[in-house]
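Worksheet: one structure, shown below.
Values in this text are rule-based calculations from the coordinates and carry no lab data. Please read these numbers as outputs of a predicted model, since none were measured by experiment. Please note: Cβ atoms are built from the backbone with ideal geometry, for glycine as well, and neighbour counts cover all protein chains shown.
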Amino acid sequence: MTDLHRLSIRELSEGLAGSKFSSRELTEHYLKRIAKIDAQVQSYVTVTPEQALAQADAADALRKSGMANVLTGVPVAHKDIFCTQGIKTTAGSKMLDNFISPYDATVVAKGKVAGLVTLGKVNMDEFAMGSTSESSYFGATKNPWALDHVPGGSSGGSAAAVAADLAPFATGTDTGGSIRQPASFCGLTGLKPTYGRVSRFGMIAYASSLDQGGPMARSAEDCAYLMNVMAGHDDRDSTSVNVDADDYVANLNGTSVKGLRIGIPKQYFNVAGLDADVKARVEESLKKLEEMGATLVEIDLNMTDAYVPTYYLIAPAEASSNLQRFDGVRYGYRCENPVDLTDLYKRSRSEGFGPEVQRRILIGTYALSAGYYDAYYVKAQKVRRLIQQDFLKAFESIDVIAAPSAPTTAYKIGASLDPVEMYLGDIYTIAVNLAGLPAINAPVGFDKDQLPVGLQLIGNYWSESQLLSVVHQYQQTTDWHTKRAAIAEETV
Ligand code: GLN
């Protein structure tokens, strides 16, 4: 079969179960595509053909013995922030260029238990800091829809791999939009779960109170399958919540769009820099949901102006603390011929970290320093609480909140080098992380340059099933999620 990459996860599962193809055939098919196409997209940092084929053979044997799970033998790509035993985990950084983790992240381990076949590790902004994937030490990943454009970030490799059909689905992480924004830029569905829903054990930390892993795929249905693997309590992550995860696949039709109250924040649609095409496509998708029976309700989210400054204090503050461990002594890059310990620290860190990571360590260290702690960090924490309360108040009268995922479509590679401009592009995603809420991106059309536009739906705590269900139903009556970039149509 030459078109295995066009099948949905459900179709892959059924095809494997019905012996229409084996996991080996499927895995070989994806490896061939990666070998032929990924030179143009550069979504993978590491491809692991030998391990993938061994896992595929094991999956096929398991299936013969009648012990297979729903996803046994289905390939996946992992963001290079999830530790993988025996395979490099770089976090997109020179600092971890040769790092091989002695253990698997919980998400990776759960994937193995579910029978997923790991194709490899995909590119990302260095330590997940960025919105373009350009800050990766391994070079920029390209957007499959237009190779001179960025795929978004930080999970840009995950998004580009799926959008070019180089993986059927992929894991991502979202600290301030890194699942939703690249999903938006690449025309995919991506879910950022409630904080605590997916284990962070073995997921290299950027900002621990904001980081959350989640699925990226073409459709809500495909995401639900991966979410069933990723979600759940983990004793090894103290912030992982001890609440049973849902069966996200079984719940795909569980929420009725009829009667759903969708809040439209006034402030969000007046943001300077909101692209006219993005606004139009998002409004059309909301009209569609209205036709399906939803009610649109205008709401106020008064704290909107505080999102960017609050996030860009808290995230760097936590990053500066988390990244202290990379000092050239225990892990990662070590400078050549240090003259003494201070020189070892200084040069290992300034040679091992790229400019964006260094910028954030500086901002974060400043915000946490004795003289400024109250004025910056403590104040930001207070504002964070107000942002959360703003959302909770809104959820008293509505079910979900609609917004764009990003004010623009994908930028040209090299276009957004001014850091502040890049930070402003995070306006629609970062408050969700500050509040710990779940949110999803769904593709809803294209701009005048044929670049994808995304709709974001934000839910109340633990409403992942509801978000997936609403998008699933939208995707039953629209076909934006089935559109493919020309490069994905290439056959091997
Ligand atoms: N663009 C945001 C940042 O640079 C979000 C990144 C993320 O979610 N990892 O911090």
Taking N as its residue count, the alpha carbon Rg of the chain over 2.2 N^0.38 Å:
0.92
Rg from C-alpha atoms of the stretch 1-85, normalised by the globular rule of thumb 2.2 N^0.38 Å, equals 1.11
Using +1 at the Cβ of each Lys and Arg and -1 at the Cβ of each Asp and Glu in the stretch 40-169, identify which of 85, 59, 163 lies farthest towards the dipole's positive end.
59
Alpha-carbon centroid distance for the pair the stretch 354-432 / the stretch 249-269, whole angstrom
24 Å
Estimated vicinal HN-Hα couplings, Hz - the stretch 128-138 in sequence order (Karplus 6.51, -1.76, 1.60; Gly, Pro = x)
6, 9, x, 10, 9, 6, 6, 7, 5, 4, 8
So what's the back-of-envelope 222 nm ellipticity for the chain, counting only DSSP H runs of four-plus at -39500 (n - 2.57) apiece and dividing by all residues, rounded to 500?
-11500 deg cm²/dmol
Which value, in debye to the nearest 20, describes the size of the charge dipole of the chain about its Cα centre when Lys and Arg Cβ atoms bear +1, Asp and Glu Cβ atoms bear -1, and nothing else is charged?
400 debye
From the backbone phi of the stretch 366-378, what are the Karplus-calculated ³J(HN,Hα) couplings (6.51 cos²θ - 1.76 cosθ + 1.60, θ = phi - 60°) in whole Hz, Gly and Pro given as x?
5, 5, 9, 6, 3, x, 10, 3, 5, 5, 10, 5, 5
Anchor residue 412: lysines whose Cα lies under 18 Å away (excluding residues fewer than 8 positions away in-chain):
142, 448
The answer for GluC sites (Glu not before Pro) in the stretch 273-342 that fall in a DSSP coil and have at most 12 neighbouring Cβ atoms within 10 Å is 336
Where does the charge balance sit around residue 286 when Lys and Arg score +1, Asp and Glu -1, over other residues with C-beta under 13 Å from its C-beta?
0
Which shape class applies to the stretch 6-49: rounded if a/c is under 1.5, otherwise prolate when a/b exceeds b/c and oblate if not, where a ≥ b ≥ c are the square roots of the Cα gyration tensor eigenvalues?
prolate
Qualifying trypsin sites (Lys or Arg not before Pro) for the stretch 286-342 [loop in DSSP, other Cβ within 10 Å: at most 12]
330
When the scattering of the stretch 276-377 is computed by the Debye formula from its Cα atoms alone, each counted once and equally, what is log10 I(q)/I(0) at q = 0.11, 0.18 Å⁻¹?
-0.59, -0.90
Can you give the local net charge around residue 71? Use residues other than it whose beta-carbon is closer than 15 angstrom to its beta-carbon, Lys and Arg +1, Asp and Glu -1.
-2
Cβ-based net charge around residue 304, under 12 Å, with every Lys or Arg adding one and every Asp or Glu removing one
-2
Quick one: grab Rg to one decimal and Dmax as a whole number for the stretch 173-317, Cα atoms only, in Å.
17.0, 46
Compute the distance from the alpha-carbon center of the stretch 327-350 to that of the stretch 3-76, in whole Å.
41 Å
Please list, in order along the stretch 243-248, the HN-Hα scalar couplings obtained from phi with the Karplus expression 6.51 cos²θ - 1.76 cosθ + 1.60 (θ = phi - 60°), rounded to whole Hz, x for Gly and Pro.
10, 4, 6, 7, 8, 5
Taking the Cα centre of the stretch 274-398 as the origin and placing charges on Cβ (Lys, Arg +1; Asp, Glu -1), which of 378, 304, 365 is farthest toward the positive end of the dipole?
365
Counting only DSSP beta bridges with both residues in the chain, what percent are antiparallel, rounded to the nearest 5?
65 percent
Normalised Cα Rg of the stretch 312-423, dividing by 2.2 N^0.38 Å with N its residue count, works out at 1.44
Work out the length of the dipole vector of the stretch 368-492 about its Cα centre, built from +1 on the beta-carbon of each Lys and Arg and -1 on the beta-carbon of each Asp and Glu, and round it to the nearest 20 debye.
320 debye
Mean shadow area of the stretch 117-238 over all directions, Cα convex hull, nm²
6.8 nm²
